[in-house]
1. Look at the stretch 91-127 and say how many of its residues are farther than 25 Å from P30 by Cα, surrounded by 12 or more Cβ atoms within 10 Å (Cβ to Cβ) and among the β-branched types (V, I, T).
2. Going through the stretch 43-74 one residue at a time, which ones are aliphatic (A, V, I, L, M), part of a loop (DSSP other than H, G, I, E, B) and farther than 19 Å from K108 by Cβ?
3. Restricting attention to the stretch 75-111, which residues are among the polar types (S, T, N, Q) and outside any helix (DSSP H, G or I)?
Amino acid sequence: MKRSLLRLFAILLLTTITVSYAEAKRVRVPKMYMFGFAASFNDTIVHFTNVIEVDSVWIESKKKFLIGREQYSNQLRNYLESKEQLPNRTCVVQFAKKKDKAEKKLLKMKHLYTNTKRGATGFDVRYIDDSFKFKAINIMDYEQ
């Protein structure tokens, strides 16, 4: 009985150690290139930002996933609500470490909404000028 409890404890301890090492670490990237896309289910207006350079961005090292991406999307949503009076937009942020990769993603996404089939796209594509900039988020907001 005592031996089986010790074995169980050892297994739990090893599992805990293994899981903690498998978790992704947060890494600060000096520069990241991002662009935003916004759309609504209520109309055919879609918005694109330019590719924007953002300093001091954090990613998860294992999956290379942007930390706080919902906050970056909220920055775009808030901008559209306040400056363009367009509420209830669904906003998405795409990112890459290299500017040319971010621009390639942007062109691919733009093509989805500007590609003319039979002379009409069905979307009112609008571009957000350079007055909009993403601001780096504070990593401390995501520490648990």
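1. The qualifying residues number 3.
2. Within the stretch 43-74, just I67 meets the criteria.
3. Listed by number, the residues that qualify are Q85, N88, T90, Q94.
This table checks each residue for (1) crowded, with 19+ Cβ neighbours inside 10 Å; (2) at pLDDT 95 or above; (3) more than 13 Å from F134 (Cα to Cα).
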site	(1), (2), (3)
G36	yes, yes, no
F41	no, no, yes
T49	yes, yes, no
D55	no, no, no
K63	no, no, yes
N74	no, yes, no
Y79	yes, yes, no
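The rows are residues; the columns are (1) among the acidic types (D, E); (2) over 16 Å from V54 (Cα atoms); (3) over 16 Å from the mean Cα position of the chain (by Cα); (4) at pLDDT 90 or above.
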residue: S82; (1), (2), (3), (4): no, yes, yes, yes
residue: Q94; (1), (2), (3), (4): no, no, no, yes
residue: A102; (1), (2), (3), (4): no, no, no, yes
residue: E143; (1), (2), (3), (4): yes, yes, yes, no
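The values are calculated or read from the model by the stated rules, or taken from the named source; none is laboratory data. Here the structure is a predicted model, which means the values were calculated and not measured. Quick reminder, even Gly has a Cβ in these numbers, built from the backbone with ideal geometry, and neighbours come from all protein chains shown.
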